[in-house]
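The values are calculated or read from the model by the stated rules, or taken from the named source; none is laboratory data. Remember, it's a predicted structure, so these values are computed and weren't measured experimentally. Positions of Cβ are backbone-derived with ideal geometry, glycine not excepted, and every protein chain shown enters the neighbour counts. Quick note on the areas: whole protein, heavy atoms, side chains included, nothing else; ligands and nucleic acids left out. Shrake-Rupley method; radii C 1.70, N 1.55, O 1.52, S 1.80 Å.
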Amino acid sequence: MRGLQLSLNKNQKLRVERALEQLESLSLKSNSDASVTVADNISVDCEDAILKGHGTTELDGRVVATLCGVVERVNKLVYVRALRARYKPEIGDIIVGRVIEVAPKRWRLEINFSQDAVLMLSSMNLPDGIQRRRTAIDELNMRSIFEENDVICAEVRGFQHDGCLHLQARSQKYGKLERGQLLTIPPYLVKKRKQHFHHLEQYGIDLILGCNGYVWVGEHVEVKDPMLVDQSNKSEQQIADAENSTSANEVETCTPLETRQNICRTANAIRVLSTLGFMITVEVITEIVNLSTSLNLDIHEMLGPEFYVLVAEKEAERRSTLRKKR
């Protein structure tokens, strides 16, 4: 946060410095034992059989840190999570990527990692939703599903012996993303949670926080599972009505102006939080969007220096309030 490249006047500089100092003092009070630098001692119970993980080593009977970061503890495992580190995929991560190549029986994706990821044709649902073996016709029609520069959402499936990352998209919530913005933020600002898909009903948009630092903000899409619909039990009239509604939806491809404004406003809120170095969560994003609307700011004014200062002061106030409640 100290390296902000903003054109602030003297008053704004004083306000943002005061807010950042308050945030730093709150962080030191709450994480006095969590933040470590190289060669710092990590307090552990020597009587328990602990497991030394990444970023730790044993020296003269003491556990010391070999990285600058935050000490994390999972049961008996102790490791150091490096700050400002590159994205390291783990099985089960929700990621957002862009297709860069359509190869035989697979798509190659760029996911903000040192290597490209691979999504196999057999690792995703077909458009008809029927579970069957992939044929040569399916392989020929791969570009009708995904093509170059398409943005898609998937889940990390595993790693191959050569280090290649494999993805899977067998759920209806995964797939192609349209009518929105793709943002790139530092991966360490996205904390891994149980839920990375968010539907902001008050704005009519979907928010996907990718663990790899790619964030998608787009128009809300209803997720429907075609396997739950038994076409054989439908009458001919029902099928005809469904086809008519589908054709009407294809004609109506324009996103409403209000939804587009909400997408841009939410995207700017994420840009502000990323520039300030604050953790990206759906709660904080909603607060920043509400702050901009309460101040009657235009979308472009959210990227002005005054709003950055207001967000820093708001975050300091929020963390101070949370600390008092504890």
| query | With a ≥ b ≥ c the root eigenvalues of the C-alpha gyration tensor of region 276-318, is it rounded (a/c under 1.5), prolate (a/b larger than b/c) or oblate? | reply | prolate
| remark: Here FRET efficiency (C-beta to C-beta, Leu303 to Asp45, R₀ 41 Å, nearest 0.05) is 0.25
| query | Once the other residues with Cβ under 12 Å from the Cβ of Leu140 are scored (Lys, Arg +1; Asp, Glu -1), what is the net sum? | reply | +1
| List the trypsin sites (Lys or Arg not before Pro) in region 43-86 that DSSP assigns to loop (not H, G, I, E or B) and whose Cβ has at most 15 other Cβ atoms within 10 Å. Which are they? | Lys76, Arg84, Arg86
| remark: Between Ala85 and Leu322, Cβ-based FRET efficiency (R0 30 Å, step 0.05) works out to 0.70
| remark: With all protein chains in place and a 1.4 Å probe, Ile42 shows an accessible area in Å² (nearest 10) of 10 Å²
| field | Loop GluC sites (Glu not before Pro), region 35-125 (other Cβ atoms within 10 Å of the site Cβ: 10 or fewer; DSSP) | value | Glu47, Glu90
| message | If each residue of separation counts as 0.36 nm, what is the full-extension length gain between Ile137 and Ser25 once their alpha-carbon separation is subtracted? | response | 34.1 nm
| Considering only the other residues whose Cβ falls under 12 Å of the Cβ of Arg81, what net charge follows from Lys and Arg at +1 and Asp and Glu at -1? | +4
| task | Identify the GluC sites (Glu not before Pro) of region 137-214 meeting these criteria: DSSP loop state and at most 11 other C-beta atoms within 10 Å of the C-beta. | result | Glu201
| message | Suppose R0 equals 25 Å. What FRET efficiency, 1/(1 + (r/R0)^6) with r the Cβ-Cβ distance, do Arg18 and Met279 give to the nearest 0.05? | response | 0.75
